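Inspection log for the structure reproduced underneath, given as C-alpha cells.
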Amino acid sequence: MFDVWKNVLEQIKHQISNEKFATYFNKTSLEGVENGVAKIGVPNIFMQINVRKNFDKLIRAALKNNNIDFSDTEYVITNNDNKVRKSREIFSTSELKNKSETKRYLSNSPRISSNGLIPEYTFDNFIVGTNNDLAVYTAKEVVDDPGGKRNPFFLYGKSGVGKTHLIQAIGNELLKKNPNLKILYTPINHFYSDFISAIRSKNPDSWKPKYMNLDVLIIDDFQLIAEKDKSQIEFFNIFNDMHLSKRQIIVASDRLPEEIKEVDTRLASRLTQKGAYDIQLPGYEERYAILQAKAEYNGVEIEPQAIEYIAENVKTNIRDLNSEYEKLIAFAELRGMTPLEVINSGFSRPSVSTSRKNTTAKKIIDKTAKYYDMTTETMLSKSRVAHIKNARQVAMYLLQNELGLSTTKTATELGLKDHTTVMNGVKRIKNEMKMNFKLREDINILQEKIYS
C-alpha cells in the first residue's frame, strides 16, 4: 500500500500548490481497502475534516488512476505509529452532564508553562483553510529550520483570527523536537514592563538575561510597542543580537509594522525582511470546520444544523465563534436540551452576532467604490484602467465571499452580461491575495467598513 500511496501523492503533488501539498498531505497514508472502502489515514481530526472537504475528489481520481478498486473513501485518524486510532466515544449533551470531561471542554483557563507557552496550542488542533494556509505552511518551515530562511517570522491579522495559537504552535513543536531549547513566549507589554521594572529598581540591565540567552523569542501584540521609543531601541538590540547568531525571532501583530505609528523605520524594515504573513477572517467553510472539529474533539454531539446556524451568523472572528459555541453548549447542558432545540427555542438568538445579516450587495459595492476613491458609477463602468478594474474585481470577490452570491448573481449586481468576467476577476483576486499583502490589507479594511 505504501508504494501505491506514494504514487497517489506524486500525482496530487502536480495538481496543487507546494504549500497546500505540504500542509495537507504530510503524514497521510493509505491504510487499506475494506468492503470497497478505501481508508485514508490522516494525523488528526482537524486534517480529517480538511482533507475530506477539500481534496476527496482529487484523491479518488488518483486512486483510480493507480488501479485501486473501491467504491467509497473514509478518512481515519492514525497515530505516529500509523495504527488507526479508535474513534472517540461521542456522548449526547445530556449524557455529558455526568462526565468529568464537561468541565474540561467548558474551561477557559488553559495551562500556561513557565516559558509562556500553552501546551494545548498545537498544529494538530489548528484548522487550516484558505484564510491561513500560506501562514501555516511558512510556520512549519520555521519549525523545520529555526533561525534559517524564515527568520524573522512576522505574522499579522485582526484580533481573534488565531495568531496566538499559530505562533505558540511553533514554540510547542520546536520544544517537542528539542526539549533543551530555551524558548520564551511573551506579549510585548510584558517585555515593556520588564524593562520599566529594571529601570525603577536602579539596575537597568537586570532584565536582559531573560531575553539575551534565548534560542527562540516569540513576541505577541507587537502593535502595543507604538510610541515606546526606549523599548523599541532595546528590542531592536535584542533582535539584532539574536538574528546575527541565527536564533529564531517570531513576532505577531494586528497590522504590518509600517502601519503602526511611531515605530522605528529600521525596526519595521528588519521585522519583515523575510516577508510578512497574514491570517484573514475565516470563511463559512472554515468556520463550519472549526466548530465541527471542536465538537468532535470534545466528544460533544451537536446537530449539523446547529453548527450551520453559528457558522452563518458569527462572522467576526474565531474568538467570537468559539464563545458562541461554548454558550450554546452551556445552555444545552443547563436546559437538558440538544443544541438545535436551544436555537429553535430562541435562547441563543440574542447573543449571536447579527451585524452581518443586514449587509447588502449595494452596500458592498458602494463601500468598495468609496474606499478606492471613485464613484460607484465609475467602478461599474466598462473602463479597463488598472485601478478601476482592480476595485471592480475586489467588489466581485467581496460579493461572493461575504454574501455567498453565485457567479451569475454577482454579474447581475455589477451590471455585467458575461459571468465569466466575474469568474476571472474573483480568480485573479484570490491568486493575488496569496502574496500581495497590500491587497489582503485592503480587503480586511473593507470588511471592517462594510460591517461597521
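Bear in mind these aren't lab numbers, they're just calculated from the coordinates by the rules spelled out. The shown structure was predicted, so the numbers you read here are calculated from the model rather than taken from an experiment. When we count neighbours, we look across all protein chains shown, and the Cβ atoms used for this are built from the backbone with ideal geometry, even at glycine.
By the rule of a C-alpha distance below 20 Å, with chain neighbours fewer than 8 residues away ignored, the aspartates and glutamates paired with residue 370 are 402, 413, 441, 442, 448. Taking amide hydrogens as placed 1.01 Å from N in the peptide plane, the amide H of residue 303 sits under 5 Å from those of 340, each at least 5 positions away in sequence or on another chain. Among 117-128, 382-393, 160-171, the peptide with the highest mean count of other Cβ atoms within 10 Å heads the list, and the full ranking is 160-171, 117-128, 382-393.
Of 191, 225, 242, which is farthest on the positive side of the dipole of region 167-275, counting Cα position, with +1 on Lys and Arg Cβ, -1 on Asp and Glu Cβ, and the Cα centre as origin? Of the candidates, 242 comes out farthest on the positive side.
Evaluating 6.51 cos²θ - 1.76 cosθ + 1.60 at θ = phi - 60° for every residue in region 40-48, the Karplus couplings come out as 9, x, 10, x, 7, 5, 5, 6, 4 Hz, glycine and proline recorded as x. In sequence order, region 324-330 has phi-based couplings of 5, 4, 4, 5, 5, 5, 4 Hz under the Karplus curve 6.51 cos²θ - 1.76 cosθ + 1.60, θ = phi - 60°, and Gly or Pro positions carry x. Stretching the chain fully between residue 13 and residue 308 yields a gain of 103.0 nm (0.36 nm per residue, less the alpha carbon separation).
Sketch the reach of a paramagnetic label on residue 182 as a point 7 Å from Cα along Cα-to-Cβ, and name the residues of region 207-223 whose backbone nitrogen lies under 17 Å away. Residues passing the 17 Å test: 207-219.
3J(HN,Hα) couplings calculated from phi for region 294-308 with the Karplus curve 6.51 cos²θ - 1.76 cosθ + 1.60 (θ = phi - 60°) are, in sequence order, 4, 5, 5, 4, 8, x, 10, 8, 9, 5, x, 5, 5, 4, 4 Hz; Gly and Pro show x. Counting only Cβ charges, +1 for Lys and Arg and -1 for Asp and Glu, the dipole size of the chain around its Cα centre is about 660 debye. Can you flag which of 158/409; 274/430; 389/430; 149/274; 163/327; 228/261 are past 18 Å Cα-Cα? From 158/409; 274/430; 389/430; 149/274; 163/327; 228/261, over 18 Å: 158/409; 274/430; 163/327. In the chain, the DSSP beta bridges split such that about 20 percent are antiparallel, to the nearest 5. Distance between the 7 Å Cα→Cβ label points at residue 373 and residue 387: 0.5 nm.
Among 305, 316, 269, whose Cα sits farthest toward the positive end of the charge dipole of region 191-320 (+1 at Cβ of Lys/Arg, -1 at Cβ of Asp/Glu, about the Cα centre)? So the residue we want is 269. With a Förster radius of 22 Å applied to the C-beta separation of residue 37 and residue 4, the computed FRET efficiency comes to 0.90.
Placing unit charges on the Cβ atoms of the charged side chains and taking the dipole of the chain about its Cα centre, the candidate lying farthest along the positive direction among 128, 41, 426 is 426.
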